[in-house]
Amino acid sequence: MVITIKRLKCDLQGGRLGILNILGGRKLLEPKQIIVLRKDLKMSKGKAAVQASHAAVASAIRSKAEKRNDFDLWWRTGQKKVVLAAESESELLEMEIRLKKTGVIVVKIDDAGRTQLPPNTTTALGIGPYMNKEVDIITSSLKLF
């Protein structure tokens, strides 16, 4: 069996160039960011959107500082995000521990408690952006939020 990997230059966002690897017409690893929200909190749509935003911004800023290559590729290729649901705080915290072992950026979000939730309620995780297949395996059991 012969596998050919082509490197394609793509003009992305304002003339910056990014490289995508193509295997049989499919992307090998697409950079993405994952947000995991706690489903058990039954947050309003607005509250969930705000918590997801906190997680997305916090993990992107940290990624830009600590994993610049992953961040830059993610930025140039459209900033793909996926929002998933954890059933409980324990599931979210267990996932945080497993993900940190992969070396990917993981940021835990705790609510300030000014509106719907008590102070310091853990609401979300921001993961990546990353180029790590192991993260997909760890998060594959979660459903979309």
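Taking region 131-145 on its own, how many of its residues are among the charged types (D, E, K, R) and exposed (fewer than 10 other Cβ atoms within 10 Å of the Cβ)? Steps first, answer last, please.
Applying the first criterion (among the charged types (D, E, K, R)) to region 131-145 yields 133-134, 136, 143.
Next, only the ones that are exposed (fewer than 10 other Cβ atoms within 10 Å of the Cβ) stay: 143.
Within region 131-145, residues that are among the charged types (D, E, K, R) and exposed (fewer than 10 other Cβ atoms within 10 Å of the Cβ) number 1.
So that you can scan it fast, the table gives a plain yes or no per residue for (1) under 20 Å from VAL135 (Cβ atoms); (2) touching a Ser or Thr at 6+ places or on another chain (Cβ under 9 Å); (3) open to solvent by less than 80 Å² (accessible area, probe 1.4 Å):
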| site | (1), (2), (3) |
| --- | --- |
| ALA48 | no, yes, yes |
| ALA56 | yes, no, yes |
| ASP70 | yes, yes, yes |
| TRP74 | yes, yes, yes |
Q. Which residues, taken from region 88-129, are among the β-branched types (Val, Ile, Thr) and without any contact (Cβ under 8 Å) to a residue 60 or more places away in the chain?
A. ILE97, THR102, VAL104, ILE105, VAL106, VAL107, ILE109
Q: From LYS80, LYS64, LYS108, LYS100, grab the single residue that is open to solvent by 10 Å² or more (accessible area, probe 1.4 Å), under 18 Å from LYS39 (Cα atoms) and either in contact with a Phe, Trp or Tyr (Cβ under 7 Å, 6 or more places away or on another chain) or of a type in the set (D, E, K, R) (or both).
A: LYS108
Q. Residue check, ILE22 against (1) modelled with pLDDT under 95; (2) in a loop (DSSP other than H, G, I, E, B); (3) surrounded by 12 or more Cβ atoms within 10 Å (Cβ to Cβ), all met but one. Which one?
A. (2)
Q | Contacts under 6 angstrom Cβ, first residue in region 33-50 being in contact (Cβ under 8 Å) with a residue 40 or more places away in the chain, partner in a strand (DSSP E or B) and of a type in the set (D, E, K, R), 6 or more apart | A | GLN33/LYS81
Q.
Checking GLY126 against (1) open to solvent by 40 Å² or more (accessible area, probe 1.4 Å); (2) closer than 18 Å to ALA65 by Cβ; (3) touching a helix residue (DSSP H, G or I) at 6+ places or on another chain (Cβ under 6 Å): exactly one of these is not met. Which one?
A. (1)
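The values are calculated or read from the model by the stated rules, or taken from the named source; none is laboratory data. Quick caveat: nothing in here was measured; it's all calculated off a predicted structure. Glycine also receives a Cβ, built like all others from the backbone with ideal geometry; neighbour counts cover every protein chain displayed. Protein only, heavy atoms only, side chains kept; ligands, DNA and RNA dropped before computing areas. Shrake-Rupley method; radii C 1.70, N 1.55, O 1.52, S 1.80 Å.
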